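The values are calculated or read from the model by the stated rules, or taken from the named source; none is laboratory data. None of these values were measured; they are calculated from a predicted model. No Cβ is skipped: glycine too gets one built from the backbone with ideal geometry, and neighbour counts run over all protein chains shown. Each accessible area value is taken on the protein alone, full model and side chains, heavy atoms only, with ligands, DNA and RNA left out. Shrake-Rupley method; radii C 1.70, N 1.55, O 1.52, S 1.80 Å.
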Amino acid sequence: MRTKILTTLGVVALAGVASYWTAAGVPVAAADAGPQMTSIGPLTFGPDGVLFAADTQAATIYALELGDKANGGAAGTRGVDAIDQKIAALLGTDAKEIIVTDLVVHPRTKNAYISVMRGQGTASKPALLRVDGAGKIEVVSFENLKHTKVTLPNAPNAGTNPQRDPRQQSITDMAFSDGRLYIAGLSNEEFASKLRSVKYPFATADNGTSVEIFHGNHGQLETRSPVYAFLPYSINNTPHLVAAYLCTPLVKFPVATLQPGTKVVGTTIAELGNRNRPIDMVLYKKDGREFLLMSNTSRGVMKIPTDGFASATPITQPVKTETGGIAYETVAAMKGIEQLDLLDGSRTLALSRSDAGLNLVAVALP
Amino acid sequence: MSAQRRSAFRIQAAAAAVLLAAACSRPAPRSNPEIILVQHPTNPAASYVAVKGIGSETAQALKRLQPGAEEWSRVFTVRVLGTDNAANPTPIAGKYGVDGDSVRFTPLFPLDPGRKYQARYEGAEFLSGESSQLAEAIVALPAAAAAEPVHVTGIFPSSDRVPENQLRFYIHFSGPMGRRGSLEHVSLLDDRGKAVVDPFLPVDGELWNADRTRYTVFFDPGRQKRGILPNREMGFSLAAGHKYTLLIDREWVDGNGNPLRESYRKSFLVDAPDLAPLDPKGWKITPPHEGSRDPVSVIFPEPLDHGLLMRAIGVRRNDAPVVGDVRVDSNETRWTMTPNEPWRSGDYALIALGVLEDLAGNRIGRPFEVVSKDDKGEDDAAINAVPFSLLPPR
């Protein structure tokens with residue numbers, strides 16, 4: 001549910017490592033004024049319809065309590081052609097001036113929420129939109145929107161140089177599971193892919209240290225490859241995270257191993273092909289089987305059966321064929337997908353790019 | 001804002017309001033509305049479009065009934081005007097209010113300078129029973145003054161030699177850059193001028209500083225690590241002994257929507273890969289004189305990462321940070337700090353945090369290519385201290 005980078009990739013499978021630590025920011029409850037977001041990137045829904053929205057520019061996660069703002073529209077989401085142009089018009093500008101950064105579906109109303117940056121340069125502003133079952137698009141006003149927030153801890157600094165620190169933390173994906181929000185990110189200086197977690201409600205912040213996550217698919221340990229998409233997944237009743245990396249290993253980590261101060265080796269269960277980057281992944285069931293649906297920059301949308309996730313033979317040696325491990329099929333009907341989420345039990349909701357622009361489409365699950 | 005100031009910044013509609021004849025079935029209109037655009041002198045978000053002269057009964061009805069968004073959209077709308085001068089069917093989202101005999105529309109997002117908008121007042125007879133002439137106008141804020149196009153001011157590492165496993169470049173700009181597709185404007189050319197295929201790491205949200213004046217581009221680490229599949233199949237993105245050029249194309253759009261002033265090229269020669277961890281034992285510290293404000297300087301045997309040098313090295317006196325002006329020069333092989341206050345006697349140490357890296361991502365005691373299963377992982381905040389003593393006062 002993140003922005004597609006249009007560049008395709010030209011390398012084969014890469015092992016990945018992320019650091020994991022618990023967020024140590026100070027949560028601030030703010031009930032009176034709305035969230036003062038400087039940017040808006042990845043979105044994910046939490047319990048009771050709380051919408052987590054990442055302000056990547058400020059390294060801050062907002063928990064937006066949508067309350068009544070989640071009600072009032074027709075249930076569901078109807079597809080909207082050229083939705084980028086309609087959103088731009090609603091925001092008083094041209095489609096060239098907006099960038100869609102994420103799409104998620106409200107778990108109860110099934111309305112779509114779309115995050116957008118309006119404008120260029122430092123004057124760019126964040127916007128959140130809702131699309132309902134009648135195809136009506138509304139701006140979700142931040143004014144007086146009840147929220148809490150947590151700011152990710154500052155990077156270490158030697159304390160000698162008072163000049164403004166240009167270091168920033170980009171947030172690439174988020175997922176909520178079992179009372180914790182997991183946040184993947186990458187710094188613009190040190191090459192360290194980070195996976196963080198923070199308890200929600202943000203009443204108490206944890207003071208964890210970093211944990212590195214390894215997966216050993218190349219015969220040597222790999223460090224610091226960024227996680228591009230991940231989701232919580234239970235394997236044999238044990239909570240896991242399933243994560244996808246560049247070019248395109250699929251890796252599982254038991255959540256219980258993600259403890260501060262330890263090193264975690266993940267297990268590569270599939271190599272999904274080179275010159276590719278994962279964008280989004282969702283889980284669904286069909287005909288009694290469960291599947292992972294994953295959108296990619298250059299290898300289309302993959303349908304991956306999950307029944308082999310528990311027993312898959314770990315990939316520990318270089319894959320000499322194009323792909324390896326758990327097999328997948330490419331969903332030919334889904335092309336140009338830039339954002340993806342599950343709409344209901346039978347459909348996925350996607351933003352797909354066509355010559356006419358960006359279309360919001362509901363597609364039957366394959 | 002005072003009435004005088006507001007008046008000073010009031011902008012009449014860019015085109016004369018077009019008064020449309022009321023439908024034949026309506027009674028004679030009793031109001032003669034006029035559309036104006038009012039620009040706040042300093043706060044673009046406070047600018048608004050108003051229609052005044054709507055008639056007292058209508059104003060009172062609107063105040064009393066407090067219409068919802070749907071009803072307001074039947075009364076007064078502002079829409080983006082396309083290049084074909086057709087108004088977009090979708091009205092702009094914003095807030096409505098009634099002030100005297102005026103309706104005020106404040107868009108949720110400031111109107112774009114120079115963009116044309118159609119404002120249309122339809123009347124509120126369905127609410128007030130008071131008929132009105134229709135009013136329509138094209139309004140626009142003045143276009144922003146032509147801005148000087150942004151240009152590339154420099155690229156780090158600044159040396160014209162880099163290791164084969166070079167990890168990143170920082171591209172610095174003279175002003176804020178735009179938000180659309182950065183990596184597509186950065187290419188790596190080999191010594192025959194041919195573009196290297198996919199050398200860089202694509203990242204969601206992209207890696208900018210807060211001002212959007214520094215862009216970080218990482219080489220794809222899969223290509224930069226020996227032995228793993230991407231590297232074995234395709235090799236390093238860079239090959240030792242060859243010359244390359246990093247090309248920044250002019251089409252990259254800045255924060256004002258302009259292309260760069262010019263394209264930019266940085267050529268460099270590639271040396272053998274750097275596989276060694278950093279070792280502070282090889283750093284040469286030149287201590288300052290006690291009582292002076294002379295800089296302390298450190299010379300490294302190899303260039304270190306520019307971004308990290310600015311924050312991951314410091315000086316401590318009796319374990320407290322000494323604050324000063326930090327400079328990095330000599331192709332990132334020298335770090336100097338001029339203290340804000342004269343040096344006082346005490347226990348001094350140069351400290352380097354664990355996060356410090358060289359051009360290839362090697363850290364103190366930990367190479368980028370970690371192969372040991374006994375490796376304990378990264379500790380970004382680890383403090384590596386190199387004690388030094390002040391020279392005697394002059």
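What single numbered condition from (1) facing another protein chain (nearest Cβ under 8 Å); (2) touching a Phe, Trp or Tyr at 6+ places or on another chain (Cβ under 8 Å) fails to hold for A:HIS147? Status for A:HIS147: all satisfied but (1). Residue check: A:ASP81 meets all listed conditions (1) under 30 Å from B:VAL253 (Cβ atoms); (2) open to solvent by 20 Å² or more (accessible area, probe 1.4 Å); (3) within 11 Å of another protein chain (Cβ to nearest Cβ) but one, namely (3). Of the listed requirements (1) open to solvent by 50 Å² or more (accessible area, probe 1.4 Å); (2) over 26 Å from B:ALA240 (Cβ atoms), B:GLY365 misses just one: (2). When we screen B:THR90, B:THR106 for residues that are β-branched (Val, Ile, Thr) and under 17 Å from A:ILE87 (Cβ atoms), the only hit is B:THR90. Sort through A:ALA134, A:ALA88, A:ALA127 and tell me the only one that's more than 23 Å from the chain's Cα centre (by Cα), of a type in the set (Gly, Ala, Ser), at pLDDT 95 or above and buried (at least 18 other Cβ atoms within 10 Å of the Cβ). Of A:ALA134, A:ALA88, A:ALA127, the one residue that is more than 23 Å from the chain's Cα centre (by Cα), of a type in the set (Gly, Ala, Ser), at pLDDT 95 or above and buried (at least 18 other Cβ atoms within 10 Å of the Cβ) is A:ALA88. Among the residues making up the stretch A:157-176, those that are modelled with pLDDT of 90 or more and assigned to a strand (DSSP E or B) are A:MET174, A:ALA175, A:PHE176.
The condition of being out of contact with any strand residue (DSSP E or B) (no Cβ under 6 Å at 6 or more places or on another chain), surrounded by fewer than 15 Cβ atoms within 10 Å (Cβ to Cβ) and more than 11 Å from chain A (Cβ to nearest Cβ) holds for B:GLU262.
The rows are residues; the columns are (1) away from chain B (no Cβ under 12 Å); (2) at pLDDT 85 or above; (3) not in a strand (DSSP E or B).
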| residue | (1), (2), (3) |
| --- | --- |
| A:ALA184 | no, no, no |
| A:PHE191 | no, no, yes |
| A:ASP206 | yes, no, yes |
| A:THR209 | no, no, yes |
| A:LEU221 | no, no, yes |
| A:TYR233 | yes, yes, no |
| A:PRO260 | no, no, yes |
| A:VAL265 | no, no, no |
| A:MET281 | yes, yes, no |
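A single entry from B:PRO321, B:PRO342 fulfils the requirement of being open to solvent by 10 Å² or more (accessible area, probe 1.4 Å) and over 31 Å from the mean Cα position of the chain (by Cα): B:PRO342. Of the strands (runs of 3 or more DSSP E) lying entirely inside the stretch A:67-155, the ones with 1 or more residues being of a type in the set (Asp, Glu) and under 19 Å from A:MET174 (Cβ atoms) are found at A:98-105.
Out of contact with any Gly (no Cβ under 7 Å at 6 or more places or on another chain) and part of a strand (DSSP E or B): is that true of B:ALA349 in this structure?
On the way: out of contact with any Gly (no Cβ under 7 Å at 6 or more places or on another chain): yes; part of a strand (DSSP E or B): yes.
Yes, satisfied.
Does the stretch B:101-108 include one or more residues that are under 21 Å from B:ASP254 (Cα atoms), within 13 Å of chain A (Cβ to nearest Cβ) and open to solvent by 30 Å² or more (accessible area, probe 1.4 Å)? Scanning the stretch B:101-108 turns up no residue that is under 21 Å from B:ASP254 (Cα atoms), within 13 Å of chain A (Cβ to nearest Cβ) and open to solvent by 30 Å² or more (accessible area, probe 1.4 Å).
Taking the stretch A:326-366 as the range and being open to solvent by 10 Å² or more (accessible area, probe 1.4 Å) and of a type in the set (S, T, N, Q) as the test, the residues that pass are A:THR330, A:SER346, A:SER352, A:SER354, A:ASN359. Output the number of residues of the stretch B:177-199 satisfying the condition of being facing chain A (nearest Cβ under 8 Å) and surrounded by fewer than 21 Cβ atoms within 10 Å (Cβ to Cβ). Adding up the residues that qualify gives 5.
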